[in-house]
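A.B. asks: Here you go, one structure.
Just so it is clear, none of the values below were taken in a lab; they were calculated from the coordinates. Please read all numbers here as calculations on a predicted model, not as lab measurements. Counting neighbours? That spans all protein chains shown, and the Cβs are built from the backbone with ideal geometry, glycine included.
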Amino acid sequence: MPGERDVLLRGLEAFSELGYDRASARELARRLGVSHTFINDRYGSKAAFWRAVVDAALGSQLTRMAPAAPGSGDEDVVRQFVREFYRVNIGEPHLALLMADESARDTERLDYLYQRYIEPTLALVVPSIERLMASGRMARVPMDVLFFAIIAPVAGLVQEPFARRLGRPEHLSLAERLARAEALAGLVVDGLLAPGDAKRRSSV
């Protein structure tokens, strides 16, 4: 019988690869290496198991996001947030894939993700973003547009089959993967904070 940590990790892999609806109780049991009644016996339902998987993965991920140093300016707060967001996704690509899949579906699961994890996390950086926009150091764009500009590039860090077709070497070390995350964060944030015609960009 696998331990709790292994069960939750295998569950994350299954949900990220199959999607919630295609991850039947029997298929989950097969991937977990347990009996077909295990999920209901241990967690009560597939939905409750999904929440346990998400809680374990996101709780661990968010605790690894180092905050900006006390007294940091707003630009540094945004830069640190984006850098850490990309860095932790390197360590848990299955979670990024699950989040991308669930974000496209208007379900109670998305409500759970948003209310419990996404909204509180964004609240850490929204005040800095609002001040940067108000001061003209960042283009005034709708918040949803801004956050998709930050979140969407995560695909470039976790969608390995496509990335390899674009020329990424097949066996990158962790240090090389983290360097790519750092480069991506710099590219995104420098674009958001690009000096010059912020007024023109905000009118788009």
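A.B. asks: What is the set of long-range amide H partners of residue 140 at a cut-off below 5 Å, with H atoms built 1.01 Å from backbone N?
C.D. replies: Those qualifying (amide H under 5 Å, at least 5 residues apart or on another chain) are 202.
A.B. asks: When a/c reaches 1.5 or more, the comparison of a/b and b/c decides; with that in mind, is segment 1-52 rounded, prolate or oblate per its Cα gyration tensor?
C.D. replies: Rounded shape, in that the Cα axes give a/c under 1.5.
A.B. asks: Using only Cα atoms, tell me the angle between helix 74-91 and the longest principal axis of the chain; keep it within 0 to 90° and round to the nearest 10.
C.D. replies: 30 degrees
A.B. asks: Remind me, relative contact order of segment 24-90 in percent, using alpha carbon pairs under 8 angstrom and six or more residues apart? Intermediate values should be presented prior to the final figure.
C.D. replies: Numbers: 31 pairs, mean separation 13.1, N = 67.
That works out to 19 percent.
A.B. asks: Next question, about the same structure. Quickly rank 8-14, 145-151 as a protection proxy: mean count of other C-beta atoms within 10 Å, highest first.
C.D. replies: Ranking the peptides 8-14, 145-151 by packing returns 8-14, 145-151.
A.B. asks: Tell me what the chain gives for mean residue ellipticity at 222 nm when only DSSP H runs of n ≥ 4 count, each as -39,500 (n - 2.57), the sum divided by the residue total, rounded to 500 deg cm²/dmol.
C.D. replies: Value at 222 nm, helices only: -20000 deg cm²/dmol.
A.B. asks: As I understand it, the value is the acute angle between the Cα axis of helix 4-18 and the longest principal axis of the Cα atoms of the chain; what does it come to in degrees, rounded to 10?
C.D. replies: The two axes meet at around 70 degrees.
A.B. asks: Okay, moving on. Provide the FRET efficiency to the nearest 0.05 for the residue 141-residue 4 pair, computing r from the beta carbons and using R0 = 41 Å.
C.D. replies: Efficiency computed from Cβ-Cβ geometry: 0.45.
A.B. asks: Sticking with this one: Let me understand the chain better: what is its radius of gyration from the alpha carbons, and its Dmax, in angstrom?
C.D. replies: Answer for the chain, Rg first and Dmax second: 19.0, 61 Å.
A.B. asks: Report the charge-dipole magnitude of the chain in Debye, nearest 20, computed about the Cα centre from +1 at each Lys and Arg Cβ and -1 at each Asp and Glu Cβ.
C.D. replies: Computed about the Cα centre, the dipole is about 260 debye.
A.B. asks: Of 16, 45, how do they rank once you tally other Cβ atoms within 10 Å and put the fewest first?
C.D. replies: On the way: 16 23, 45 11.
If I rank by nearby Cβ atoms, fewest first, I get 45, 16.
A.B. asks: Which one, 76, 41, 190, has the greatest fluctuation when you compute a Gaussian network model over the chain with C-alpha springs under 10 angstrom?
C.D. replies: 41
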